[in-house]
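Structure first, then comments.
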Amino acid sequence: MEQGKTITQCAELLKNKKISSVELTKEYLKRAHYSNKELNAYITICDDAALEMAAAADKKLAEDGAHPLCGVPFGVKDAICTAGIRSTASAKILDNYVPPFDATVVGKIRDLGGVIIGKHNCDAFGHGASNENSHYGPVRNPHDITKVPGGSSGGSAAAVAADLCVYAIGEDTGGSVRQPASFCGLAGLRPSYGRNSRYGIMPMASSLDTVGPIAKTVEDVAILMEVMAGADKLDSTTVPVAVPRYTDFLERGVKGWKVGLPREYFEGALHEDVAARMEEAKKRLIDLGCELVDVSLPHTKYAVPTYYIVVPAEDSSNLGRFDGMRYGVRSSEKSLGDAYEQARAAGFPDECKRRIFIGTYVLSAGYYDAYYKRAQQVRTLIIRDFDEVFKQVDVLLTPTSPFPAFNIGEKSDDPIQMYLADIFLSGSSLAGVPGISVPAGVSATGLPIGAQFIAPRLKEEKVLNIAHQFERVGFV
Ligand code: GLN
């Protein structure tokens, strides 16, 4: 599939007046409307608002010093609030919700002149790994429409891959930026927990949620991170440390870097094409002058089970705010209790209900110690695994997913199989460390395969640096 326009290319065209933001936006709106019939990547395409933002961007572009994001059309996962633009989280219970405010990260991009052209379909409330769990129907992978695009930010990845927007803002609690990026042949970064503000991101698991970019190149991801990252007084979990100029790191050599290969990530059942692309990835790194080091993250096998106790526990508490009183499915029941019950029964999809049941169970008296407390203890062991391994190496290399994109319907009736799709993503998510997925080639049938680089906490510049170098040698 031909790669569409990058941020850098659009910024160049806009700066040199080869095209105006209004013209560029019209082009993308047309593409989005046309392809959405097949891909279902957008829940909302906001033509009027987009053209207004584009006209304002053109005014900014007429002055000197406009930011590279000024006038460039992008899309936002529907579980992220956008002022005046419907934001449903792909769930019926929020079907008619129009937030009066922007998520902090979205507001920062808008302030620079970014143009939102629409809201991307996703798994409802971010629950899923295939984008089939949406009130608005499944999203299709533009590389092969019989396959899923990955999830939960599947609409965002499909839209960027098909060039229905220049880039997208997604959310990653346990892999939802990285896995769809890998299935759709894109770069996607999960930042460290606390690096980017979560304000205005519909909360799923508050101790793991992050918001990150999905783009066509690592350079675009770095440009976005420079804008998105930083402390926010509206999110007290953001860290008050300076944000590096990530783009300054991209061209640095990585000669002499120690790249750890966690053996637990390579010894399981990897799809043969994923295994083959990983072997090539190792060779590329050797060509770049890196030293490959065999390392161990011994608690890896507990990552998925731990994730699926901690996350439903936090989910069950966060989803408690939805009652159908102001948005979505208002029931006509007379008693308040009955009205809540009816609205939730009708407004939440099955996976939300499953998480509410499991989460409430593991937090209840008598089970708390056996499940939730124990899971938190194991989480600490997982964090220590990463702390230890980063004493030996600069970054880690792993596959992003054990397999390329699977068939629509293949795993949708089997939650355990769906949960296991994130086997290489849950550990770093629990540990709060940054990870990026970058394209590492394709399968025998032409489906994209991703490689993941993981760095110590708040060292996004390391994964951006090595991923950019990796991407560069891959395409020469
Ligand atoms: N697939 C994972 C889950 O369902 C990840 C979701 C996410 O990162 N939002 O929990």
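Each 10 Å bin from zero holds the following percent of Cα-Cα pairs in segment 264-311: 20, 37, 32, 11, 0. Ordered from longest to shortest, the equivalent ellipsoid semi-axes for segment 31-188 are 25, 16, 14 Å, each the square root of 5 times a Cα gyration tensor eigenvalue. Counted over the chain, the DSSP beta bridges are approximately 65% antiparallel. With kT/(6 pi eta Rh) evaluated at 4 °C and eta = 1.567 mPa s, and Rh the Kirkwood radius from Cα pairs, segment 47-112 diffuses with a coefficient of 101 µm²/s according to Stokes-Einstein.
Solvent exposure of segment 391-476 amounts to 32 Å² per residue of accessible area, where only protein heavy atoms count and the probe is 1.4 Å.
Remark: for residue pairs K15/K60; K283/K462; K283/K411; K18/K59, the C-alpha separation exceeds 22 Å in K283/K411.
Probe radius 1.4 Å, ligands and nucleic acids ignored: give me the carbon and sulfur share of the accessible area of segment 1-101 as a rounded percent. Working shown, then result.
On the way: 2460 of 4800 Å².
Ligands and nucleic acids excluded, carbon and sulfur give 51 percent.
When you work out D = kT/(6 pi eta Rh) for segment 161-221 at 4 °C and 1.567 mPa s, using the Kirkwood radius from C-alpha pairs as Rh and the Stokes-Einstein form, the result is 110 µm²/s.
Given a Förster radius of 56 Å and the C-beta distance between L336 and N407 as r, what FRET efficiency does 1/(1 + (r/R0)^6) yield to the nearest 0.05? Computed FRET efficiency for L336 and N407 comes out at 0.80. Here segment 201-229 and segment 381-422 have alpha carbon centers that stand 18 Å from each other. Each label point was placed 7 Å from the Cα along the Cα-to-Cβ direction; for A370 and A444 their separation is 4.6 nm. Normalised by the number of residues in segment 212-371, the average gap of Cα pairs under 8 Å and 6 or more apart makes the relative contact order 17 percent. A 1.4 Å probe run over the protein chains yields, for segment 106-177, 16 Å² of accessible area per residue, whole-number rounding. Between the beta carbons of E279 and Y34, assuming R0 = 56 Å, the FRET efficiency works out to 0.90 to the nearest 0.05.
Every helix of 4 or more DSSP H residues in the chain counts as -39500 (n - 2.57), and over all residues that averages to -11500 deg cm²/dmol at 222 nm. Here, segment 117-210 is characterised by an Rg to Rh ratio of 0.95, where Rg is the alpha-carbon radius of gyration and Rh the Kirkwood radius. When the alpha-carbon atoms of segment 170-326 are used, the pair Rg, Dmax equals 18.3, 59 angstrom. Rg ratio for segment 268-357: its Cα radius of gyration over 2.2 N^0.38 Å, N being its residue count, equals 1.90. Model label points for L420 and V98, set 7 angstrom from Cα along the Cα-to-Cβ axis, are 4.6 nm apart.
Separation of the alpha carbons by more than 30 angstrom is noted, of K37/K459; K26/K459; K17/K108, for K37/K459; K26/K459. Ranked from largest, the principal axis spans of the Cα set of segment 173-261 equal 39, 32, 25 Å.
Element breakdown for segment 331-476 at a 1.4 angstrom probe: carbon and sulfur atoms account for 55% of the accessible area.
Projected over every direction and averaged, the convex hull enclosing the alpha-carbon atoms of the chain yields 21.5 nm².
If the segment from K255 to D287 were pulled out straight at 0.36 nm per residue, it would be longer than the present Cα-Cα gap by 10.6 nm.
Any idea how far apart R326 and R245 come out in nm if each label point goes 7 Å out from Cα toward Cβ? Here the modelled spin labels are 4.3 nm apart. Its residue count N fixes a reference of 2.2 N^0.38 Å for segment 129-170, and the Cα radius of gyration divided by that reference is 1.03.
Here the accessible area is traced with a 1.4 Å probe on the protein chains. For segment 184-311, carbon and sulfur cover 52 percent of it.
Only Cα pairs under 8 Å and 6+ residues apart enter the sum, and on that basis the relative contact order of the chain stands at 17 percent.
Here segment 283-309 is scanned for amide nitrogen atoms under 19 Å from the site 7 Å beyond the Cα of Q377 along Cα-to-Cβ, giving 298-309. Across q = 0.13, 0.15, 0.16 Å⁻¹, segment 1-74 modelled as identical point scatterers on its alpha-carbon atoms has Debye log10 I(q)/I(0) values of -0.39, -0.51, -0.58, in the order of the q list. Counting only protein heavy atoms and a 1.4 Å probe, segment 51-90 has 35 square angstrom of accessible area per residue. Solvent-accessible surface of protein heavy atoms, probed at 1.4 angstrom with all chains present, puts I358, I214, I416 in the order I416, I358, I214, largest first.
The base-10 log of I(q)/I(0) for segment 320-466, evaluated at q = 0.13, 0.18 Å⁻¹, reads -0.87, -1.12 [Debye formula, identical scatterers on Cα atoms, solvent excluded]. Sequence-distant contacts, meaning Cα pairs under 8 Å at least 6 residues apart, place the relative contact order of segment 357-467 at 28 percent.
The values are calculated or read from the model by the stated rules, or taken from the named source; none is laboratory data. None of the values given here were measured: they were computed from a predicted structure. Please note: Cβ atoms are built from the backbone with ideal geometry, for glycine as well, and neighbour counts cover all protein chains shown. The area values use the complete protein model at the heavy-atom level, side chains included, leaving out ligands, DNA and RNA. Shrake-Rupley method; radii C 1.70, N 1.55, O 1.52, S 1.80 Å.
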